[in-house]
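See below for the structure under consideration.
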Amino acid sequence: MNLAQIWRYPIKSHGSEHLDAIDICSGKTLPLDRTWAVVHDQSDADGSTWVPCRNFSRVAKAPQLAAISTSWTSDEKLELSHPSIGKICINPDFDSAEFINWVSPLMPKNRSSSIKLVRSIQTGMTDTDFPSISIGNLSSHQEVEKQHGQELSLLRWRCNLWIDGCEPWAENEWIGKTLKIGDVTFRVQEEIVRCLATTANPITGIRDVDTLGILESMGQDDFTVAAIATSSGRIKSGDAVEIIS
């Protein structure tokens, strides 16, 4: 088994970023993964503590958000791009108003309005109440593609680490076990519950595939797993992966 791809999502539900390598810190999410989130007008979240995903604007409620892509500039600003509204370059800690003005056209009229960007004080704002790093199995994704009959973007799952070289659905047996990627260890905690966000096309932002129905037809209620880093170190694409306990 080996580490095939690394992804992070600096602003929760608002863009993806591909990486070749990243430094892992024990007990933390990926650096700059879900570090910021967009609070809507029905929430009083401020980033000081973990809160459920319903407090934030997200792809499950606003599928057009899926088509945002992100990258960091040389002066450490975040550049976001969307096929319908163009680009913006921001410092997420200081340019909340500019960002909300840019992204608001992507929000459905019948949904809560986005009001501000907040930074997570303690750890990234994942969907788990612990600092998780999500791990997916490329073989399982390929089985979903076969059932659908066409290729599907990995970005539908918004997963951090993709593993290649194992049997389909092997990840279901990783719960409670420790994976070693390169020299870093991860304790796999639980399977990840999936929602409507996965039905949105990451290129167009349109809901076009019944991913939840496909999973159900295959006897899979969830997809990918949530893990906790139990040591620190650098991982990179191509690193060997093994189950050590």
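Of note, Glu190 satisfies the criterion of being on the phi < 0 side of the Ramachandran plot, in a strand (DSSP E or B) and either among the β-branched types (Val, Ile, Thr) or under 18 Å from the mean Cα position of the chain (by Cα) (or both).
Ser13 passes every criterion in (1) surrounded by 19 or more Cβ atoms within 10 Å (Cβ to Cβ); (2) modelled with pLDDT under 95 apart from (2).
In the condition set (1) within 19 Å of Ile11 (Cα to Cα); (2) assigned to a loop (DSSP other than H, G, I, E, B); (3) more than 18 Å from the chain's Cα centre (by Cα), Pro131 is compliant with all but (3).
Does Ser120 qualify as being surrounded by fewer than 17 Cβ atoms within 10 Å (Cβ to Cβ) and in contact (Cβ under 8 Å) with a residue 40 or more places away in the chain? Criteria not met by Ser120. In this entry, Ile133 passes the filter for residues that are touching a residue at least 24 places away in the same chain (Cβ under 8 Å) and on the phi < 0 side of the Ramachandran plot.
Closer than 27 Å to Pro168 by Cβ, within 16 Å of the chain's Cα centre (by Cα) and small (Gly, Ala, Ser): does that describe Ala60? Don't jump to the end; show me each part of the working.
Details: closer than 27 Å to Pro168 by Cβ: yes; within 16 Å of the chain's Cα centre (by Cα): yes; small (Gly, Ala, Ser): yes.
So Ala60 passes the test.
Working only within segment 106-125, note down all residues that are of a type outside the set (Lys, Arg) and part of a loop (DSSP other than H, G, I, E, B). The answer is Met107, Pro108, Asn110, Ser112, Ser113, Ser120, Ile121, Gln122, Thr123, Gly124, Met125. Among all residues of segment 218-235, there is at least one that is assigned to a strand (DSSP E or B), out of contact with any Leu (no Cβ under 9 Å at 6 or more places or on another chain) and open to solvent by 70 Å² or more (accessible area, probe 1.4 Å).
The numbered conditions (1) surrounded by 15 or more Cβ atoms within 10 Å (Cβ to Cβ); (2) in a loop (DSSP other than H, G, I, E, B) are all true for Glu171 except (2).
Could you please find all residues in segment 64-104 being of a type outside the set (Gly, Ala, Ser), assigned to a helix (DSSP H, G or I) and under 18 Å from the mean Cα position of the chain (by Cα)? Gln64, Leu65, listed by residue number. From the list Ile243, Ile206, the one residue that fits, being modelled with pLDDT of 95 or more, open to solvent by 30 Å² or more (accessible area, probe 1.4 Å) and farther than 25 Å from Gly15 by Cβ, is Ile243.
Residues to consider are Ser26, Ser71, Ser113, Ser43; find the one that is of a type in the set (Ser, Thr, Tyr), more than 26 Å from Ile235 (Cα to Cα), open to solvent by 30 Å² or more (accessible area, probe 1.4 Å) and in contact (Cβ under 8 Å) with a residue 12 or more places away in the chain. Outline the logic, then answer.
Numbers: Ser26 fails: more than 26 Å from Ile235 (Cα to Cα); Ser71 fails: more than 26 Å from Ile235 (Cα to Cα); Ser43 fails: open to solvent by 30 Å² or more (accessible area, probe 1.4 Å).
From the options Ser26, Ser71, Ser113, Ser43, the qualifying one is Ser113.
The values are calculated or read from the model by the stated rules, or taken from the named source; none is laboratory data. As the structure is a computational prediction, the values presented were derived from the model and not from experiment. With ideal geometry, Cβ positions are generated from the backbone for all residues, glycine too; neighbour counts draw on all protein chains shown. To get the accessible areas, we keep the full protein, side chains included, count just its heavy atoms, and leave off ligands, DNA and RNA. Shrake-Rupley method; radii C 1.70, N 1.55, O 1.52, S 1.80 Å.
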